[in-house]
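The values are calculated or read from the model by the stated rules, or taken from the named source; none is laboratory data. Note that the structure is predicted; figures quoted are calculated from it, not measured. Cβ placement follows ideal geometry from the backbone for every residue including glycine, while neighbour counts extend to all protein chains displayed.
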Amino acid sequence: MQFSLAELWSAMGPLAKGVVLVLAGMSLLSFTVAVEKWLSLQRAAKESARFLTAWREALTQKGYTTAAELAEQHPHSHVAHVIASGTRVLQNTVDPTTRFAAYDRTVRRIVLATRATFRKGLGLVATVGSTAPFVGLFGTVVGIVSAFQRMAVTGQGGLGTVSAGIAEALVTTAFGIFVAIPAVWLFNYLTQQINALTTEMECAAEELAVIVLGESTAVETRPLHATKK
């Protein structure tokens, strides 16, 4: 006995249909969240690339103090945010003994907050990837129970009697795996992208610290050279 998808759907019981609908909803929800997250990460990466180019050009002309102005032109750039905040701390902190400690705390706080913002919603994708096979397994159990019920009603155990229930069980199992695999792939891919973007923030913040430290060292050594002359 052969079943088309429409025939198989009509032969399914209410519980099996519910399982399929739940899996379809989980798949749609995880895919929507993943696409929205991917678009936001791509936008942040592109704006950060433009900001870094403009910021490094401005460093050679006006110094590091122009970061806040450039950051306003790139509101979706995670790097612009950390550089602007770090620059303000370096400008407003006069005491050299606490200047870089305050800068380090500010950068760490912003990086952690940005990582949490980037990861918002990924828990749902991970949940779909880890639970979809078990939802499909529940459909498998329902299909097997349906097959045994048909055997009990008809009093026969032939393949034609149980084929619908077995097909129902296998379809829900396959659908659960089909939903889980893309969700796991998307979660791993987005996690790698987030790690790369937060690492970019840390590298840019380190670059700013090195630049400011170099300027501070140069200012401190000038009177010594002048005294020797």
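Screening G139, G165, G160 for residues that are within 12 Å of G13 (Cα to Cα), in a helix (DSSP H, G or I) and at pLDDT below 70 leaves exactly one candidate, G165.
Of (1) among the small types (G, A, S); (2) within 29 Å of the chain's Cα centre (by Cα); (3) closer than 30 Å to A174 by Cβ; (4) surrounded by 14 or more Cβ atoms within 10 Å (Cβ to Cβ), G123 satisfies all except one. Which? The one condition G123 does not meet is (4). Scanning the range 97-116 for residues that are touching a residue at least 12 places away in the same chain (Cβ under 8 Å) and more than 19 Å from V210 (Cβ to Cβ), we see that the one that is surrounded by the most Cβ atoms within 10 Å (Cβ to Cβ) is T114. The condition (being part of a helix (DSSP H, G or I), at pLDDT 80 or above and in contact with a Gly (Cβ under 7 Å, 6 or more places away or on another chain)) is satisfied by just one residue among F187, F134: F187. Cβ-Cβ contacts under 7 Å between residues 6 or more apart (or on different chains), taken from a first residue in the range 28-56 that is acidic (D, E) to a second residue that is at pLDDT below 95 and outside any helix (DSSP H, G or I), are listed as E47/H74; E47/H76; E47/S77.
Select, from K46, K62, the only residue that is surrounded by fewer than 18 Cβ atoms within 10 Å (Cβ to Cβ) and within 29 Å of F187 (Cα to Cα). So the residue among K46, K62 that is surrounded by fewer than 18 Cβ atoms within 10 Å (Cβ to Cβ) and within 29 Å of F187 (Cα to Cα) is K46. Within the range 63-80, at least one residue is without any contact (Cβ under 8 Å) to a residue 40 or more places away in the chain, closer than 15 Å to E206 by Cα and in a helix (DSSP H, G or I). Candidates in the range 6-25 are the residues that are under 17 Å from F178 (Cβ atoms) and either among the charged types (D, E, K, R) or outside any helix (DSSP H, G or I) (or both); of these, the one that is modelled with the lowest pLDDT is M12. Applying the criterion of being among the charged types (D, E, K, R) and in contact with a helix residue (DSSP H, G or I) (Cβ under 8 Å, 6 or more places away or on another chain) to the residues of the range 78-103, the residue that is nearest to K62 (Cα to Cα) is R88.
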